[in-house]
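Shown next, in structure tokens, is the structure this report addresses.
The values are calculated or read from the model by the stated rules, or taken from the named source; none is laboratory data. Predicted model only: the values in this text are computed from it and were never measured. Cβ placement follows ideal geometry from the backbone for every residue including glycine, while neighbour counts extend to all protein chains displayed.
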Amino acid sequence: TGPDTVSPTGQPTGADQARMAQSGSYLTNAQGTRLYDTDHSLKAGPRGPVLLQDHHLREKVMHFDHERIPERVVHARGAGAHGVFRSYGTAAGVTKAAFLAEDVETPVFVRFSTVLGSRGSSDTVRDTRGFATKFYTSEGVFDLVGNNIPVFFIQDAIKFPDVIHAGKPHPDREIPQAQSAHDTFWDFVTLHTEATHHTLWNMSDRGIPRSYRTMEGFGVHTFRLVDAAGGTTLVKFHWKPKLGVHSLVWEEAQIANGVDPDFHRRDLADAIEAGAHPQWEFGIQTFPDTPDQTFEGIDLLDPTNIVPEELAPVQPIGLLTLDRNPSNYFAETEQVAFHVGHLVPGIDVTDDPLLAGRLFSYLDTQITRLAGPNFGQIPINRPHAPVNDMLRDGFHQSAVHRGVAPYRPNSLDGGCPFTAGADLGAYIETPVRVPEATKVREAPESFGDHFSQPRRFWLSMSPVEREHIIGAYTFELAKCYEVAIRERALRVLANIDPELCAGVAAGLGLPAPEPSEPLADVEPSPALSQVGRTWPTD
Ligand code: HEM
């Protein structure tokens with residue numbers, strides 16, 4: 001349904017190709033009229049006043065005046081790359097998704113990002129990283145909008161505005177621009193102890209990746225896969241970098257920050273240009289889709305939980321290769337619009353309350369960021385599958401729709417019967433039974449354990465990783481102006497581990513408090529440590 005000047009892969013063709021490549025033999029205005037001069041405005045004499053009738057000056061400056069669009073409300077700074085995903089077929093038994101059948105190749109676009117900094121902030125800050133993948137499958141677009149940390153700060157999307165307000169720069173001074181070292185952030189994460197696990201990952205080496213090429217990625221939520229017979233399996237998605245997982249140490253990150261604030265985006269672009277195409281293996285942890293949606297006592301709907309790989313190994317299902325840099329940052333990396341609701345048959349959502357809010361939020365924010373409801377027509381966002389919708393008009397409509405009856409049923413535009421039923425490849429929501437319930441604003445009891453998973457993470461760290469974590473908490477908390485917040489943070493750390501709490505307390509020159517609840521009795525998960533990891537398996 002797009003304009004004829006763009007090919008199905010989003011590449012401009014014909015006359016637009018020349019215009020977009022700035023390769024014509026002469027310059028024109030936006031209407032294609034040839035110009036003879038674009039360096040001088042029209043004046044009454046060489047030293048006289050500029051004339052209002054200079055329509056070329058007005059068009060040129062008017063367009064420039066409107067070049068900026070709002071940056072993303074979160075994940076504003078990013079770097080993208082094109083690539084290909086090849087499926088091994090090993091997930092074909094649990095999902096009917098066509099792009100996960102054996103040996104299917106699917107074009108992808110990936111955008112990596114930091115979360116809190118503005119579009120012009122530095123790359124090597126301590127922060128979570130986004131890892132968002134758009135699969136242009138034969139059955140429509142599937143977006144996996146993940147992070148490099150497998151858990152999230154909050155369990156319910158209604159708190160997302162709060163956690164982001166706390167994490168963004170202080171409203172009065174706009175300090176800090178990119179990092180987590182400030183009072184509002186620490187105020188929030190110590191008052192909302194469900195944030196403890198994500199915060200601990202941030203304070204670990206995972207908070208300062210060496211390169212986008214050496215980051216793991218996680219879908220975070222539990223998703224539901226559906227097979228051809230309607231059978232369902234709960235899964236967590238993983239990306240495992242072929243280069244292994246590597247981080248910067250704090251001092252390296254600081255130097256890189258100053259010497260090259262574009263350290264990560266340069267590394268990605270240079271590697272791809274040099275032919276060192278980064279690769280990730282795609283994997284799933286699978287869990288039976290039981291009515292209670294727990295696995296080994298872990299609530300799968302709580303996004304502050306991981307399932308240790310020792311309990312549910314990650315099974316490889318495909319390979320992602322990034323092999324082409326964007327040719328235009330704005331057109332591709334800036335205008336790409338990911339959405340957790342971009343799903344294909346065979347992949348469904350669960351009742352994770354954080355995921356529910358995301359299903360609303362992405363489309364909503366993109367209406368502002370990309371100015372209207374037609375951003376799906378921007379070349380980078382176009383599905384490679386045929387589109388035959390009944391959405392019409394609106395700002396930035398670039399399709400010239402044919403037909404007279406954009407509604408159905410109709411008796412005027414024949415053809416195109418409604419497709420119904422799984423056998424015709426339609427997307428069908430899993431008929432999950434919703435138990436009879438009373439409306440409440442409350443969290444389930446199973447969301448109440450905020451310390452056992454952070455404790456498992458801490459116990460899984462090697463000595464050098466623990467040293468880095470203590471150093472990170474000490475540095476960050478020392479930046480808090482409010483002593484009460486530092487003290488509250490120590491009370492949270494005491495519930496994770498006494499060694500961690502004592503180390504940070506010593507660094508801050510404060511007494512180490514006792515835990516307020518018994519320490520959880522958990523086994524370490526060696527797969528969580530970056531030292532001695534066994535992935536990649538080959
Ligand atoms: C953007 C991941 C939770 C709202 C992003 C991006 C990623 C991401 C990777 C950047 C996408 C890009 O590169 O364009 C996640 C993960 C979450 C999470 C893994 C939790 C598991 C949430 C929640 C909300 C939310 C709970 C809101 C209720 C947004 C918004 C954007 C965004 C508004 C900007 C999108 C745009 O402007 O295109 N998120 N997010 N996120 N996220 Fe999330």
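Which condition number does residue 126 fail, the rest of (1) farther than 28 Å from residue 353 by Cβ; (2) at pLDDT 95 or above; (3) assigned to a loop (DSSP other than H, G, I, E, B); (4) of a type in the set (Lys, Arg) being met?
(1)
If I ask for residues that are closer than 16 Å to residue 135 by Cα and within 16 Å of the ligand (Cβ to nearest atom), which ones from region 89-121 would you list?
Matches in region 89-121: 108, 109, 110, 111, 112.
Looking only at region 72-116, count how many residues are assigned to a loop (DSSP other than H, G, I, E, B) and farther than 30 Å from residue 257 by Cβ.
The first filter runs over region 72-116 and keeps only residues assigned to a loop (DSSP other than H, G, I, E, B), leaving 72-77, 88-97, 101-104, 115-116.
From the residues that got through so far, the ones that are farther than 30 Å from residue 257 by Cβ too are 88-97, 101-104.
Of the residues in that region, 14 qualify.
Residue 304 fails exactly one of the following numbered conditions: (1) within 11 Å of the ligand (Cβ to nearest atom); (2) hydroxyl-bearing (Ser, Thr, Tyr); (3) in contact with a Lys or Arg (Cβ under 7 Å, 6 or more places away or on another chain); (4) in a loop (DSSP other than H, G, I, E, B). What is the number of that condition?
Failing condition for residue 304: (3).
Name the single residue that is farthest from the ligand (Cβ to nearest atom) among those in region 373-397 being loosely packed, with under 13 Cβ neighbours inside 10 Å and either aromatic (Phe, Trp, Tyr) or touching a residue at least 24 places away in the same chain (Cβ under 8 Å) (or both).
Taking the candidates together, the pick is 388.
Which ones in region 198-250 are under 27 Å from residue 476 (Cα atoms), in a loop (DSSP other than H, G, I, E, B) and either over 18 Å from the mean Cα position of the chain (by Cα) or away from the ligand (no atom under 16 Å from the Cβ) (or both)? Even if it seems obvious, please write down each step before you answer.
Going through region 198-250, the residues under 27 Å from residue 476 (Cα atoms) turn out to be 198-218, 220, 245-250.
From what is left, the residues that are in a loop (DSSP other than H, G, I, E, B) are 204, 208, 210-211, 215-216, 220, 245-246, 248-249.
Once the filter is applied, which keeps residues that are under 27 Å from residue 476 (Cα atoms), in a loop (DSSP other than H, G, I, E, B) and either over 18 Å from the mean Cα position of the chain (by Cα) or away from the ligand (no atom under 16 Å from the Cβ) (or both), region 198-250 yields 204, 208, 210, 211, 245, 246, 248, 249.
In region 141-153, which residues are near the ligand (Cβ under 7 Å from one of its atoms) and touching a helix residue (DSSP H, G or I) at 6+ places or on another chain (Cβ under 8 Å)?
Step one: list which residues in region 141-153 are near the ligand (Cβ under 7 Å from one of its atoms), which gives 145-147, 152.
Across region 141-153, the qualifying residues are 145, 152.
Of the residues 86, 72, which single one is within 13 Å of the ligand (Cβ to nearest atom) and out of contact with any helix residue (DSSP H, G or I) (no Cβ under 6 Å at 6 or more places or on another chain)?
Numbers: 86 fails: within 13 Å of the ligand (Cβ to nearest atom).
Exactly one residue qualifies, and that residue is 72.
Please go through region 156-172 and give me each residue that is under 16 Å from residue 128 (Cβ atoms) and either in contact with a strand residue (DSSP E or B) (Cβ under 6 Å, 6 or more places away or on another chain) or part of a loop (DSSP other than H, G, I, E, B) (or both), ordered by number.
Within region 156-172, 168 is the sole residue that qualifies.
Output the residue which, of all residues in region 348-372 that are of a type in the set (D, E, K, R) and part of a loop (DSSP other than H, G, I, E, B), is farthest from the ligand (Cβ to nearest atom). Before the answer, list the steps.
Taking region 348-372 and keeping what is of a type in the set (D, E, K, R), we get 348, 351-352, 358, 364, 369.
Subset that is part of a loop (DSSP other than H, G, I, E, B): 351-352.
Numbers: 351: 14, 352: 9 Å.
The selected residue is 351.
Taking only pairs six or more apart or across chains, which ones have beta-carbon atoms under 7 Å, a first residue in region 123-138 that is near the ligand (Cβ under 9 Å from one of its atoms), and a second residue that is assigned to a strand (DSSP E or B) and of a type in the set (Phe, Trp, Tyr)?
Every condition considered, the pairs that remain are 129/112; 130/112; 131/112; 131/239.
Return only the number of the condition from (1) over 27 Å from residue 451 (Cα atoms); (2) crowded, with 21+ Cβ neighbours inside 10 Å; (3) of a type outside the set (D, E, K, R) that residue 169 does not satisfy.
Result: residue 169 fails condition (2) only.
Just to confirm my filter: which helices (runs of 4 or more DSSP H) fall fully inside region 419-507 and include at least 1 residues that are farther than 30 Å from residue 169 by Cα and at pLDDT 95 or above?
Details: elements: 452-460, 463-478, 483-494.
Because the criterion is at least 1 residues that are farther than 30 Å from residue 169 by Cα and at pLDDT 95 or above, the helices (runs of 4 or more DSSP H) in region 419-507 that meet it are 452-460, 463-478.
Which pairs do you get when a residue that is modelled with pLDDT of 95 or more, found in region 229-248, comes within reach of a residue that is among the aromatic types (Phe, Trp, Tyr) and not in a strand (DSSP E or B), reach meaning Cβ atoms under 7 angstrom, with the pair 6+ apart or on two chains?
Going by the 7 Å Cβ cut-off, the qualifying pairs are 240/535.
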